[in-house]
Amino acid sequence: MHQFTIAELVKGLRNKDFSSTEVTQHYLDRIARLDKTYNSYITVTSDIALQQAAAADQRLAAGNAPALCGVPIAHKDIFCTTGVRTSCASKMLDKFIAPYNATIVENYLNSGVVMLGKTNMDEFAMGSSNETSWYGPVKNPWAIDCVPGGSSGGSAAAVAAHLAPAATASDTGGSIRQPAALCGLTGIKPTYGRVSRWGMIAFASSLDQAGILSRTAEDAAILLNDMASYDAKDSTSVERDVPDYTADLNKPLTGLRIGVPKEYFGEGLNPQTAAHVESAIKVYESLGASIHSVSLPHTHLAVPAYYVIAPAECSANLSRFDGVRYGHRCENPTDLNDLYMRSRSEGFGAEVKRRILVGAYALSAGYYDAYYSKAQKIRRLIKQDFVDAFQTVDVILGPTSPSPAFQFGSKTKDPVAMYLEDIYTIATNLAGLPGLSIPCGLVDNKPVGLQLIGNFFAESQLLNAAHMFQQATHFHQQTAPGIE
């Protein structure tokens, strides 16, 4: 059963080929047996999952269950879940039991979706390799000496190892798309405001967006139907109807205008990765799309602007974790200053501390205009690049990451080299646009990703383009070596 896609699970549950309890138990058994190798889960919610599966079977038997009823998935441990630890992979929140569900968790609960557990991630979603987790690194099922990408590396590894048919994830600078690329999956980051952020522990509030990691674009479309909603509890949620994202999946691509930015094919891109992306362009041409060269001239400024804006927002968002209101509290503090200093020093890891310090510096008196204000101006220019490009094309295509999965420890001593892993994905977050990654080949037996970027709220068009590519190729059907 672990070979089935979400679409196949939905069909099998409807046809009573198997029950939700059987599917759920099957996945729980696999997690218990195999996840020692990958470390993709922080918490496995076996009892809750089986209770939810039994309830889903009752709804299915009654004949009026929602489409996803009975399907098991995993949630990234950044989303609050009632009565279950929500750690954000940090010692700071190791003992935090959420008193409420995030809106996306609640949406899936209402649809009868079963929660298998909470997946590992980079601490507070800060990282591109899943090496900063308090609970240890996640291993890539394609090469266990390599990283799965980050920050949603646990979700990606769980799906790639068939320990979940799909998983929720979040993307602040590429944290869905980069792990999707490195683990051979489909990963979609919707338009900022399309999916509620309420109940998602904040890293950088103007950039964070929830999304999905799945095996196929069809599965992503099915899951996005229930994930997306207007939410009055999230002030950045956009009040806009949610379309049926599966409706246009098979729409012919004839006439689709695809833009290829020349800035995405320069220095730093692995030549073999580039060759696979160029082959993908030929596939799209064969499907009737037209290819156009476009320019995103401020692309080279995306990483430096992001690493001012995101740390600035993180330094503000993480100030609440002080050992008094939230989070880890040190033993036997001598006074209030000692309580604050030791609680935060003990609770946060090195990468989180680095970003808090950078952000606090950028926001401090005398440096605000020099760094933060200037970074916001660059962000405006980057957004305008996309606005101009979408005057002449419908979709933008390029690589997701510069190279395939890299070995553990190879970039941990060089933060800038690590930050450049997101060079092709960060601009999409700064502009608030939807982005998607799908597998397009193997380099050294490790997957590489093809990124598609759409205009605002053009998720249906992106999923259509991704699905039609997957109908014409086999890359999404490839499984990591050794996966049973």
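The values are calculated or read from the model by the stated rules, or taken from the named source; none is laboratory data. All of these numbers come straight from a predicted model, not from anything done at the bench. Backbone-built Cβ (ideal geometry, glycine too); neighbour counts: all protein chains shown. The area values use the complete protein model at the heavy-atom level, side chains included, leaving out ligands, DNA and RNA. Shrake-Rupley method; radii C 1.70, N 1.55, O 1.52, S 1.80 Å.
Net charge of the neighbourhood of CYS146, taken over other residues with C-beta under 14 Å away and scored Lys/Arg +1, Asp/Glu -1, is -1. Put simply, when 347-355, 169-177, 458-466 are sorted by average Cβ atoms within 10 angstrom per residue, most first, you get 169-177, 458-466, 347-355. Using only alpha-carbon positions in the chain, the gyration tensor eigenvalues give semi-axes of 31, 29, 21 Å once each is multiplied by 5 and square-rooted (largest first). Once the Cα-Cα distance is subtracted from the 0.36 nm per residue extended length, the ALA316 to VAL443 segment shows a gain of 41.7 nm.
Among residues other than GLU459 with Cβ under 15 Å from its Cβ, the summed charge is -3 (Lys and Arg +1, Asp and Glu -1).
Candidate cross-link partners of LYS189 among the aspartates and glutamates, defined by an alpha-carbon separation under 16 Å and a same-chain spacing of 8 or more, comprise ASP171, ASP208, GLU218, ASP219, ASP226, ASP422, GLU459. One Cα centroid belongs to the stretch 53-89, the other to the stretch 426-470; the line between them spans 27 Å.
Surface listing: VAL44, VAL147 arranged by accessible area from highest to lowest gives VAL44, VAL147, probe 1.4 Å.
Accessible surface of TRP198, taken over heavy atoms with a 1.4 Å probe and every protein chain present, rounds to 80 Å². Note on exposure: SER155, SER279 ranked by accessible area (1.4 Å probe, complete protein assembly) read SER279, SER155, with the most exposed listed first.
Sorted from greatest to least, the principal axis extents spanned by the alpha carbons of the stretch 260-365 come out as 69, 29, 23 Å.
Note: the stretch 6-132, Cα convex hull, 111 Å³ per residue. The simple spin-label model puts a point 7 Å past each Cα toward its Cβ; for LYS91 and ASN332 those points are separated by 1.8 nm. DSSP finds beta bridges in the chain, and of those with both partners inside it, around 75 percent are antiparallel. Taking label points 7 Å from Cα along the Cα-to-Cβ direction, ALA350 and LEU34 give a separation of 3.3 nm.
Once a ≥ b ≥ c are taken as the square roots of the eigenvalues of the Cα gyration tensor of the stretch 347-484, is the result rounded (a/c under 1.5), prolate (a/b larger than b/c) or oblate (a/b not larger than b/c)? Cα axes put the stretch 347-484 in the oblate bin. Residues of the stretch 175-189 with an amide N closer than 18 Å to a point placed 7 Å from the Cα of SER410 along the Cα-to-Cβ direction: 178-184. Sparse packing (at most 14 other Cβ atoms within 10 Å of the Cβ) combined with a DSSP loop state is found for the following trypsin sites (Lys or Arg not before Pro) in the stretch 210-308: LYS233, ARG240. Treating each Cα of the stretch 84-211 as an identical point scatterer and summing with the Debye formula, the log10 of I(q)/I(0) at q = 0.10, 0.17, 0.18, 0.23 Å⁻¹ comes to -0.28, -0.84, -0.95, -1.53. What figure in square angstrom, to the nearest 10, would you give for the accessible area of ASP444 with a 1.4 Å probe? Taking all protein chains as shown, ASP444 has close to 110 Å². For the pair the stretch 291-353 and the stretch 107-138, the centres of their Cα atoms are 18 angstrom apart. Accessible surface for the stretch 1-107, divided over its residues, is 41 Å² per residue with a 1.4 Å probe.
At 222 nm, what value in deg cm²/dmol follows for the chain if DSSP H runs of at least 4 each add -39500 (n - 2.57) and the sum is divided by all its residues, to the nearest 500? After summing the helix terms and dividing by the residues of the chain, the value is -11500 deg cm²/dmol. The length gained on full extension between ALA370 and ALA62, counted as 0.36 nm times the residue separation minus their Cα-Cα distance, comes to 104.6 nm.
The stretch between THR479 and ASN270 holds 73.0 nm of extra length on full extension. This uses 0.36 nm per residue minus the Cα-Cα distance. Positive contributions from Lys and Arg (+1) and negative ones from Asp and Glu (-1), summed over other residues with Cβ under 15 Å from the Cβ of TYR135, come out at 0.
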